[in-house]
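The values are calculated or read from the model by the stated rules, or taken from the named source; none is laboratory data. Everything numeric in this text was worked out from a predicted model, so none of it was measured. Cβ coordinates were reconstructed from backbone atoms using ideal geometry, including for glycine residues, and neighbour counts include every protein chain displayed.
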Amino acid sequence: MHRRTSSRRRTALVLSATALAAVPALTACGSDAHPGAAAVVGGQRITVSQLETRVNEVRDAQQAATTDRAQYQEAIAKTGGLTRNTLHTMVLDRVLHRAATDAGVTVTRKEMQDMRAGLEQRAGGAKQLENAWLGQYSVPPKRLTESLRTEIEAQKLATALGADMQTQEGQAVFWKALGKASKELDVDLNPRYGAWKVSPTSRLVEARTPWLKQVTRQPADTPQGA
């Protein structure tokens, strides 16, 4: 069963820079029309305060996971673009959710529990998995289940679209669906945090989003190497 789960995850996760280059960018112009908002997605604001809270959750988790100040400072240095990447991830997750909803995709609590149980087994325990997700993707423990839900959405969306994510054609189908969802949501990003654009040179590609991460090996090996 774990092998099948790993295979499905790989289908959703394999998104290379080459594939991104072949797909039309998702773009929206930021503006000052929404004071106090870091972004507006589907008419709903992501406030600067909400963004700061999410960033602080990561910093607090990093501090709790380190043994001394030097180690904590090293963790901060490795995530220097945390605020920008966190916002872009928050927006992209909403875009993915809209695309999944359009395709009739839903995620059950049991699916999330099963994925987490499988990953914990491979990582060597719950704490090890939490530390791996924090270190690799800047996802704090309290957001881990939410992150796994997004991963499942991505893989189920690919399946619903009939998109083979190991081919450029399949990846193009997947990103076309996200492009459509992005237009429907009319993403408006505060220029302070960059432009809403997905391309090989975009800062968004750097966002530490597990399901967006380019992988060259089985995802099951990832937590163990953290």
Point to revise | Selection within segment 183-208 - surrounded by 15 or more Cβ atoms within 10 Å (Cβ to Cβ), within 23 Å of Asp102 (Cβ to Cβ) and at pLDDT 90 or above | key: Leu185, Val187, Asp188, Leu189
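Would you kindly identify the helices (runs of 4 or more DSSP H) lying entirely within segment 49-165 that contain at least 2 residues that are of a type in the set (Lys, Arg) and surrounded by fewer than 16 Cβ atoms within 10 Å (Cβ to Cβ)?
Numbers: elements: 69-78, 82-102, 109-123, 126-137, 144-161.
Per the criteria, 69-78, 109-123.
So which of Thr89, Thr79 ends up being under 30 Å from Ala163 (Cβ atoms), touching a Ser or Thr at 6+ places or on another chain (Cβ under 6 Å) and touching a residue at least 40 places away in the same chain (Cβ under 8 Å)? Explain how you work it out, then say what you get.
Working: Thr79 fails: under 30 Å from Ala163 (Cβ atoms).
Result: Thr89 is the single residue among Thr89, Thr79 that is under 30 Å from Ala163 (Cβ atoms), touching a Ser or Thr at 6+ places or on another chain (Cβ under 6 Å) and touching a residue at least 40 places away in the same chain (Cβ under 8 Å).
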